[in-house]
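Participant: One structure is given below, represented as structure tokens, and several questions about it will come after.
Every number here is computed from the coordinates shown, using simple stated rules; none is lab data. Note that the structure is a prediction, hence the values are computed from the model and not measured. Using ideal geometry, Cβ is built from the backbone for each residue, glycine included, and neighbour counts are taken over all protein chains shown.
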Amino acid sequence: MLKSLLRSTAAATLIVSASAGLAFAQDEGQTIAELAGATESLSTLASAVEAAGLAETLGGEGPYTVFAPTNEAFEALPDGTLDTLLEEENQAQLQGILTYHVVETEATSDAVVQMIEDDGGEHPVTTVNGAELTLSMDGETVVITDAAGNTATVTQADIEASNGVVHVIDAVLMPEAM
């Protein structure tokens, strides 16, 4: 579905916020899982991916689009939430939350913006966990709304990996209210 909308040029692009400027240790052929593991600002995400048993999946063939929350996004969760999710008995819940950040196709910023424009300002996407996110624009910035009505903003876009693309976001998305 998303692939059919990819175009080499689009009228608008995602705007990177001034606070983004994240440093990525990219090597040619690096997977999304490897990229997250090698990027300090995504170290909490990388740890959560490991704890959820998803490193092999995100290191797989893909293609994937990952909306990757920063360490600060995880720190903004209510006290104790992340620690609870990282406990072994909560692995299924953690998997659900993390796969809610993954779409099973590669959608660059140009494609994302084009989909939003083509759909009149909002574009639903189905995530790997089966739930939907809604993509929209706030000026020239892409905003993602989760099932609970919370929003995340894309702060850095189009970080290429061998199995897809990563868009860094400033909040953790939840497939249901917590």
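Participant: Using the Karplus curve 6.51 cos²θ - 1.76 cosθ + 1.60 with θ = phi - 60°, what ³J(HN,Hα) values do you get for each residue of segment 136-148, in whole Hz, with x for Gly and Pro?
Facilitator: 8, 10, 10, x, 10, 10, 7, 10, 10, 10, 8, 4, 8
Participant: Taking the number of other C-beta atoms within 10 Å as the exposure measure, put E160, E87, E34 in order starting with the fewest.
Facilitator: Least to most surrounded, the residues fall as E87, E160, E34.
Participant: A follow-up question, please. Antiparallel as a % of all DSSP beta bridges within segment 24-169, to the nearest 5?
Facilitator: Close to 75 percent.
Participant: Also: What's the long-distance tail for segment 24-169, i.e. % of Cα pairs beyond 19 Å?
Facilitator: Cα-Cα pairs in segment 24-169 separated by more than 19 Å: 49 percent.
Participant: Shifting gears a bit: Near the amide H of T155, under 5 Å away, which other amide H atoms are found, from residues 5 or more places off or on another chain, if H is placed in the peptide plane?
Facilitator: V168, I169, D170
Participant: When the Karplus curve 6.51 cos²θ - 1.76 cosθ + 1.60 is applied with θ = phi - 60°, which whole-Hz ³J(HN,Hα) does each residue of segment 159-169 get, with x for Gly and Pro?
Facilitator: Here the 3J(HN,Hα) series is 8, 7, 10, 5, 10, x, 9, 10, 10, 7, 10 Hz.
Participant: Give me H123, H101 sorted ascending by neighbouring Cβ count inside 10 Å, so fewest comes first.
Facilitator: Starting with the residue having the fewest Cβ neighbours, the order is H123, H101.
Participant: Through the Karplus equation 6.51 cos²θ - 1.76 cosθ + 1.60, θ set to phi - 60°, convert the phi angles of segment 40-48 into ³J(HN,Hα) values in whole Hz; use x for Gly and Pro.
Facilitator: Rounded to whole hertz, the list is 3, 6, 10, 5, 5, 4, 4, 5, 5.
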